[in-house]
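Just so it is clear, none of the values below were taken in a lab; they were calculated from the coordinates. Keep in mind it's a predicted model, so treat the numbers as computed, not measured. Using ideal geometry, Cβ is built from the backbone for each residue, glycine included, and neighbour counts are taken over all protein chains shown.
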Amino acid sequence: MLINYCSTKTKPVLIALGLLLSSAVNADMTLDAESSSISFMSTKNANFSEQHTFDSFTGSLNDKGELVITIDMASVNTMIPIRNERMKSMLFKVSDYNQANFVAKVDKDLTSLAPGERKTATVKGDMTIVGNTVPVSFDVNVVGLAGNKLSVTTTKPTILSTSSFGLDEGVASLQNIAGLNSISTAVPLSFSVVFTKKN
């Protein structure tokens, strides 16, 4: 009823403002790679663990809670160039499978947290590595940030099994070429990512 008392000049302004607010609420979010990290641990010879990262990845999260994260497997970074190359060719087979994906549906309320608002959640989805898809879940802490941003951080690592993803043969090849007694087939994966709402 209020708009009936507005002038014809005011109406377009109110309509435009309404469209702007609607688009802000429903806008998709994209992963800010510069403010994000994805890491995993490897353990060799039973008790020597190292942290590695993936340096290139993308992601999106829409207002329906549909989450997609894509990792460039060729961006694996172990801080040792020859080991990077061996992982890419012998473990991840990047010539055939250059990407890993995680796809999930999260509570859409998590996509609209106010700055400073915090929630914990378990995100359940499907992860695909070297063509094998496995159900995976992550316990996360979600925090609303200023500037239409959202921080999502694992509260503890999720343990991935190399067997589940068909990676055991590659692990054995890495162990053999490096002359190791063992490489653990349990791989902890963690992440800390920031999503920014599109304008």
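How much of the pair distance distribution for segment 27-197 lies past 26 Å, counting alpha-carbon pairs only, in percent?
Tail fraction, whole percent: 30.
Roughly speaking, what is the stretch gain from Asp139 to Ala33, that is 0.36 nm per residue apart minus the C-alpha to C-alpha distance, in nm to one decimal?
On the way: separation 106, 0.36 × 106 = 38.16 nm, distance 2.04 nm.
Contour length minus Cα-Cα distance gives 36.1 nm.
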For the Ile177, Ser56 Cβ pair and Förster radius 25 Å, calculated FRET efficiency rounded to 0.05 is 0.50
Folded to 0 to 90 degrees: helix 10-26 orientation relative to the chain principal axis, Cα: 20
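If Lys and Arg each add +1 and Asp and Glu each add -1, what is the summed charge of the other residues whose beta carbon sits under 11 Å from the beta carbon of Met29?
Details: positive: Lys149, Lys197, Lys198; negative: Asp28, Asp32, Asp63, Glu66.
So the environment of Met29 carries a net charge of -1.
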Give or take rounding to whole Å, what are the principal axis extents of the alpha carbon atoms in segment 131-198, in descending order? 50, 23, 21
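Pairs of alpha-carbon atoms within less than 8 angstrom and 6+ residues apart define the contacts here; what relative contact order does the chain have, in percent? Don't skip to the end; give the middle numbers.
Working: 412 pairs, mean separation 47.6, N = 199.
So the answer I get is 24 percent.
Structure shown: which of Lys156/Lys197; Lys44/Lys105; Lys119/Lys197; Lys88/Lys108; Lys88/Lys149; Lys64/Lys119 lie over 29 Å apart, alpha-carbon to alpha-carbon? Spell out each step's value before the answer.
On the way: Lys156/Lys197 26 Å; Lys44/Lys105 35 Å; Lys119/Lys197 18 Å; Lys88/Lys108 36 Å; Lys88/Lys149 33 Å; Lys64/Lys119 17 Å.
The pairs that break the limit, which is 29 Å between Cα atoms, are Lys44/Lys105; Lys88/Lys108; Lys88/Lys149.
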Determine the calculated [θ] at 222 nm for the chain from helices alone, applying -39500 (n - 2.57) to every DSSP H run no shorter than 4 residues and normalising by the residue count; nearest 500 deg cm²/dmol. -5000 deg cm²/dmol
Aspartates and glutamates within cross-link reach of Lys198: Cα-Cα under 14 Å, excluding same-chain residues under 8 positions apart? Asp28, Asp32, Asp63
